[in-house]
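Have a look at the structure below before the remarks.
The values are calculated or read from the model by the stated rules, or taken from the named source; none is laboratory data. The shown structure was predicted, so the numbers you read here are calculated from the model rather than taken from an experiment. FYI the Cβ positions are ideal-geometry reconstructions off the backbone, even for glycines, and counts take in every protein chain you see.
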């Protein structure tokens, strides 16, 4: 017997970042939108204990030891239910690695639900979300999908209404960016200034609720974008190329380096994608729509 689940990537349409806390984290107002790029996680009983395998684009960059969030999820669930994590987790990778689209978090959430189903642990949604929050700030949203406002360090979620489908183009960069490194650069750039409390944008929430791409384009923001551009300056050329091709707006996705372009419709997505294919810092281009559901059994 095996269990396979599908987990979406995310884009942050707003990422407001507060000052560093004493524990090293930052308070956030993080508006997540799940988009239709997916990893698949398959859980199969393993007589040899916990094993991780991976294939797909960027698979060589995925750790196959117990540092992988999928492995950590299986271990956390097994410990909570007093069993050993005897499972083979295979990740079919399609979300960029180190790309600011929560690919690792998606694998953690996927492994958690797959192992819960495989082992019949019957964990409640609240228990699963509790484990997700222990694993990482973005993991709870990977479980629930759709659209949500994340506060605290991003793990406290409030579902958001979305009145339509939004079309996106994503440019995958020629190299990755470390999320901790981007936050360190954010702190460096903010040194000596007063960092305001992160607050969700009411115009942005209203644009989501209406399903209005023009209003959303006017409201998106990412406080980590200056830090990402400081570490990877070539991304500015990619952002400019997408805007020049007709994107309604362009921003770095999360901590980057994937860049995200909101367009009005599928035809606009195709035009922007073709233009971005030759951008200097762009490795590959994908189109997707959102919101989409979170972890889903196949």
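When region 169-189 is filtered for residues that are in contact with a strand residue (DSSP E or B) (Cβ under 8 Å, 6 or more places away or on another chain) and buried (at least 17 other Cβ atoms within 10 Å of the Cβ), the ones remaining, listed by number, are 169, 170, 171, 172, 173, 183, 186.
If you go through region 236-278 and keep only what is within 22 Å of residue 224 (Cα to Cα) and out of contact with any strand residue (DSSP E or B) (no Cβ under 6 Å at 6 or more places or on another chain), you end up with 236, 237, 240, 241, 255, 256.
Is region 208-215 home to any residue that is touching a helix residue (DSSP H, G or I) at 6+ places or on another chain (Cβ under 6 Å), at pLDDT 95 or above and crowded, with 19+ Cβ neighbours inside 10 Å? The answer is no, given that none of the residues of region 208-215 is touching a helix residue (DSSP H, G or I) at 6+ places or on another chain (Cβ under 6 Å), at pLDDT 95 or above and crowded, with 19+ Cβ neighbours inside 10 Å. The set of residues in region 220-251 being under 18 Å from the mean Cα position of the chain (by Cα) and closer than 17 Å to residue 264 by Cα consists of 220, 250, 251.
The strands (runs of 3 or more DSSP E) found wholly in region 216-298 and carrying at least 3 residues that are modelled with pLDDT of 95 or more and surrounded by 23 or more Cβ atoms within 10 Å (Cβ to Cβ) occupy 249-252, 259-263.
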